[in-house]
Every structure is written in structure tokens, then in C-alpha cells.
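Below: one structure, written as C-alpha cells.
The values are calculated or read from the model by the stated rules, or taken from the named source; none is laboratory data. Quantities reported herein were computed from a predicted structural model and do not represent experimental measurements. Please note: Cβ atoms are built from the backbone with ideal geometry, for glycine as well, and neighbour counts cover all protein chains shown. Areas reflect the complete protein model, heavy atoms only, side chains present, ligands, DNA and RNA absent. Shrake-Rupley method; radii C 1.70, N 1.55, O 1.52, S 1.80 Å.
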Amino acid sequence: MRRRGFLKFIVASPLGRLLLGIVATLVSSVVIYLDLVNGNVKKATVKGAREILLPYPRLHGTVSVEEALANRRSIREFRDEPIELEELSQLLWAAYGISETRYGLRTAPSAGAQYPLEVYAVVGERGVKADYGYLEAGIYYYDVYRHCLLLKKRGDYREALYRAALEQPWVLTAPVSIIFTAVYSRTVRVYGERGRVRYVPMDLGHAGQNVYLQATALGLGTVTVGAFHDEEVREILELSPEETPLYIMPVGKPLTPYRLTEEELIQFYQNNRKSSY
């Protein structure tokens, strides 16, 4: 009876719910702390894969954050040209790379530093130019801790991805597509179902915007694609059962670059300020 009464107190009373919340927060904090202290390297396994060491990320650019924000657009038409390996390197680092070297924290914020996302690159034939020629066409996994690509599958899979993505042409014509997947269990184990329905989508939005802004700063274009057949994309990437594909982001050189001037922006605001309410 005493045990039943205590449980009723926990569930029903404000003080009980407060105590329960404090306990849950402490448990979550301990889990997160142990993850950070122990390194808890969480990544997909690509056994025996060919490793491509990427150029180191640059921390200084020629485009300001303000300029990147002003000129960020969803680009769906690309020139028939490759991007540079250095550009792909910078995009992948911006998406989810290491930005703090003690605990291995990333460029994109993540609830409880659980980092549920994984990043892949689908590279087309002659889609990425390097010093030695072109990066081999194939599907690559991005290893965030070594800043390298691991070749999972050889071949140009853009057409297969295009068909899986409801035949959206920009998936076919872009030289590269960056794909985000999620391992929900990493976040769910700490935050429960709220982690699945709220925190993981937040993580994805942060990382996707990073790609948008970095692409803009590099003079490239991208667009987020969420309409696709999950199982077909899963099969193309040969994902583990616990991974779910979430975003396809085709990347290339824009056919028509977008540029906003300060004068245009000021004129827009001035016109709207003249309007009466």
C-alpha cells in the first residue's frame, strides 16, 4: 500500500512530477557526460572500404555570414560542371564536422550532444575534380572524426537516386548529392519519444542550413529534398536497419547564381514602411 501511495504521489502531485523531472534530468546529464568523457564514437561501420583523406577544412573565407544569409536560395538548376574536392570537403565539414577538439563536438548543435545523424555523398561520374583527376564515382560515407570519405559502393548511382526521389531532375543533374540519415536510438535513449519527433528533426534542420550557407559561400547551390521512397534510398545506400534516410541535398554550380544587394534590401523595407496599417 505504501508503495502504491508513493507512486500515486509521484504521478498526481506537482511536487512529485517536479522530483521525477529532476531525477530524469540528472540521469540524462550523466549519460551525456559519460558520452563526452569517453569519446563514445558513434558512426556507421564501413569495413574494408577505400579511404579518401579530404583536404583539411578552412576556417577563413571570403564571404561573410551576412552575405551567405542574404544570398541563400534553393537552387535546382546546375551547370554541367564538377565541383572541387576541396569544396566537397568544406561542405561535409560544415554539415557535421568537428568544431571542438576536446569532446569532438560538431559544427551543428545536437540535443544532448547525441549526434544522431550520419552523412553520405553520392558522387557522379566526373562529378568531383581532384588534383589527380576525378574522384571515383560512387557512394561514400563521411567519417567525421578522420575527415575522410569511405567508399561504400562503386558506380554512378545518381539515376537510381533520381528514381527513388520521385524523378526530381536536380537529383539527377547535380554532380553530387549529400544525404543525411538518422539513427534515432541515439537521441531516444536519452529523451524518449520526444527525441524522435522533435529533437532529431531539429538536428537535421541545423545541419541542413549549414550546408546551405557553406554552399552559398563557395559559390555553389543546393536544395533540400525530402520527397523520396525511404526503402529505395535505404537500399541504394545499403543502410543498416537502424538508419533512416531524411534529406537528399543535391549540390552543384548554379546555372543562375542569386545575388541580393543592400540597396535592393533597403528599398524593399522602405516600400513596406510606407504602407499604412
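Restricting attention to the range 88-120, the residues that are of a type in the set (A, V, I, L, M), under 27 Å from residue 250 (Cβ atoms) and surrounded by fewer than 24 Cβ atoms within 10 Å (Cβ to Cβ) total 3.
Looking at 171, 197 in this structure, which one is of a type outside the set (Gly, Ala, Ser) and either open to solvent by less than 40 Å² (accessible area, probe 1.4 Å) or assigned to a loop (DSSP other than H, G, I, E, B) (or both)? Checking each option against the conditions leaves just 171. Scanning the range 51-87 for residues that are closer than 21 Å to residue 145 by Cα and open to solvent by 90 Å² or more (accessible area, probe 1.4 Å) yields a count of 5.
Every condition in (1) open to solvent by 10 Å² or more (accessible area, probe 1.4 Å); (2) aromatic (Phe, Trp, Tyr); (3) without any contact (Cβ under 8 Å) to a residue 60 or more places away in the chain is met by residue 142 except one, and the failing one is (1). Within the range 81-104, being in contact (Cβ under 8 Å) with a residue 12 or more places away in the chain and not in a helix (DSSP H, G or I) holds for 81, 82, 83, 84, 97, 98, 103, 104.
The residue list 236, 266 contains one member that is in a helix (DSSP H, G or I) and either open to solvent by 90 Å² or more (accessible area, probe 1.4 Å) or more than 21 Å from residue 158 (Cβ to Cβ) (or both), which is 266.
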